[in-house]
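**Student:** One structure, pasted below without further comment.
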There are 2 protein chains.
Amino acid sequence: MLSKKPIVTFLDELASSAPAPGGGSAAALLAAIGAALVSMVGSLTVGKAKYADVQEDIQRILDHSEALRHKCIDLLESDVSAYTQVTKAYKMPRETEEQKGARSAAIQEALKYATAVPMDLAETCVEILKLCPECAEKGNVRAVSDVGVGALAAEAALRAAALNVLINLGSIKDEGFCRREHARLESLLSGKAQLKEEILKDVEARL
Amino acid sequence: MLSKKPIVTFLDELASSAPAPGGGSAAALLAAIGAALVSMVGSLTVGKAKYADVQEDIQRILDHSEALRHKCIDLLESDVSAYTQVTKAYKMPRETEEQKGARSAAIQEALKYATAVPMDLAETCVEILKLCPECAEKGNVRAVSDVGVGALAAEAALRAAALNVLINLGSIKDEGFCRREHARLESLLSGKAQLKEEILKDVEARL
């Protein structure tokens, strides 16, 4: 499993010409870092007398960010298997007409799955971002800059996931599917750069 | 060493209330991912007949991105030692006037070092970003989306590093130092969000 590898090894493999990990796993890792930073601020706030008033809110944020962090790690692994399926489909025989048809269908199916993984990641990134304003407002003020770093990581991951969706949609022939996924992506991206800037403004005001 | 830890362990520790790793190491990891993705595109381009014309340019980019990636990993480790020095200084005795003076001087010195680490990271992020336009233009078109993910990671890391500089400057009493570092930071940040958007536009045009 990719996520069990040492950081330096993951980075060495990412930097190499090896087929995996690729930009999809990198995007999932960016998102996981974002979720982990929200969790960190939660962890530094729960149980502190000074923040007794917001205990329940912070615990709810922490539970959510931890679930999202684990989802990002799952998606980091899924990205590799999605990529493997696409590569496998492209390597299918294409001598007879029947083989050509089967290969093309397998490629299209694999590409749809390879689109679903970054789309799922994009949705997860939006959820991470949405936790940030309350976390920046109520979390331990000594760690408030970490919410800002978390929001930066989550928003970069959202846009990275969008690139990974787009690159797959370019090879999918099902026009209805492409239209729906484009619309879904647009709605996920909409307003999120601005949300990130608002979070950073709140963070800088509390620095 | 932090960078030798498995990804999941690093993320578990990041999400916890443990003093390290913190937002500084997270920012360095974001930047390392950015540099690694530029390297990946370079690695997927060098030695390919189709890209023989740009061989030298790509090799130069690859050498540079690899050096920057290793610098980011060094800074990931430095961030922990900088944080440790600050914590240690704050724990110095402060019973006598002499002790108070020594403690205050040690804190100020440690904070200046804790500012130098993210400032160095911010400079490194700018260098990573500057490699992206040529890499997106000349690199293997099949990996062009990865340049985009790299630029997103590097720009998020730049802004994250800036937050980490700012949080330390807030406790530094040397006004001349603060003024100089604020100006330096501003010049590093200037125009980089736009540069990232331009890189993404180029990437999307080649998708």
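The values are calculated or read from the model by the stated rules, or taken from the named source; none is laboratory data. Everything numeric here is computed off the predicted structure, so don't read it as measured data. Here the Cβ is made from the backbone with ideal geometry for all residues, glycine too, and neighbour counts use every protein chain on show. Just so you know, the surface numbers come from the protein's heavy atoms only, side chains and all, with ligands and any DNA or RNA stripped out. Shrake-Rupley method; radii C 1.70, N 1.55, O 1.52, S 1.80 Å.
**Student:** On the basis of being within 16 Å of residue B:165 (Cα to Cα) and touching a residue at least 24 places away in the same chain (Cβ under 8 Å), does residue B:75 make the cut?
**Tutor:** The answer is yes for residue B:75.
**Student:** Does residue A:134 satisfy being open to solvent by 10 Å² or more (accessible area, probe 1.4 Å), under 10 Å from the mean Cα position of the chain (by Cα) and of a type in the set (Asp, Glu)?
**Tutor:** In short, no.
**Student:** Kindly provide the set of residues from the stretch A:167-192 that are within 13 Å of chain B (Cβ to nearest Cβ) and among the polar types (S, T, N, Q), ordered by number.
**Tutor:** Correct list: A:168, A:171.
**Student:** A further question on this structure: Quick check on my filter: what residues within the stretch A:190-205 are assigned to a helix (DSSP H, G or I) and without any contact (Cβ under 8 Å) to a residue 60 or more places away in the chain?
**Tutor:** A:193, A:194, A:197, A:200, A:201, A:204, A:205
**Student:** Out of the stretch A:167-188, which residues are open to solvent by 50 Å² or more (accessible area, probe 1.4 Å), in a helix (DSSP H, G or I) and touching a residue at least 40 places away in the same chain (Cβ under 8 Å)?
**Tutor:** Within the stretch A:167-188, A:184 is the sole residue that qualifies.
**Student:** I'm trying to understand the selection: among the residues of the stretch B:144-154, which are more than 7 Å from chain A (Cβ to nearest Cβ) and buried (at least 24 other Cβ atoms within 10 Å of the Cβ)?
**Tutor:** B:147, B:150, B:151, B:154
**Student:** Against the condition in contact with a Cys (Cβ under 9 Å, 6 or more places away or on another chain) and within 11 Å of residue B:38 (Cβ to Cβ), how does residue B:143 come out, does it pass?
**Tutor:** It is false that residue B:143 is in contact with a Cys (Cβ under 9 Å, 6 or more places away or on another chain) and within 11 Å of residue B:38 (Cβ to Cβ).
**Student:** Right, something else. Take residue B:89 and tell me if it is within 14 Å of another protein chain (Cβ to nearest Cβ) and free of Cβ contacts under 8 Å to residues at least 24 places away in the same chain.
**Tutor:** no
**Student:** Just a yes or no: is a residue in the stretch A:21-41 over 14 Å from the mean Cα position of the chain (by Cα), more than 8 Å from chain B (Cβ to nearest Cβ) and modelled with pLDDT under 95?
**Tutor:** Looking for residues that are over 14 Å from the mean Cα position of the chain (by Cα), more than 8 Å from chain B (Cβ to nearest Cβ) and modelled with pLDDT under 95, one finds at least one in the stretch A:21-41, hence yes.
**Student:** To continue, here is another question. I need the full set of residues from the stretch B:137-182 which are over 20 Å from the mean Cα position of the chain (by Cα) and under 30 Å from residue B:49 (Cβ atoms), in order please.
**Tutor:** If the condition is that a residue be over 20 Å from the mean Cα position of the chain (by Cα) and under 30 Å from residue B:49 (Cβ atoms), then B:137, B:138, B:139, B:140, B:141, B:142, B:143, B:144, B:145 are the ones that fit.
**Student:** Just for helices (runs of 4 or more DSSP H) wholly inside the stretch A:1-107: which have at least 3 residues that are open to solvent by 30 Å² or more (accessible area, probe 1.4 Å)?
**Tutor:** Once the helices (runs of 4 or more DSSP H) in the stretch A:1-107 are filtered for at least 3 residues that are open to solvent by 30 Å² or more (accessible area, probe 1.4 Å), what remains is A:7-15, A:55-90.
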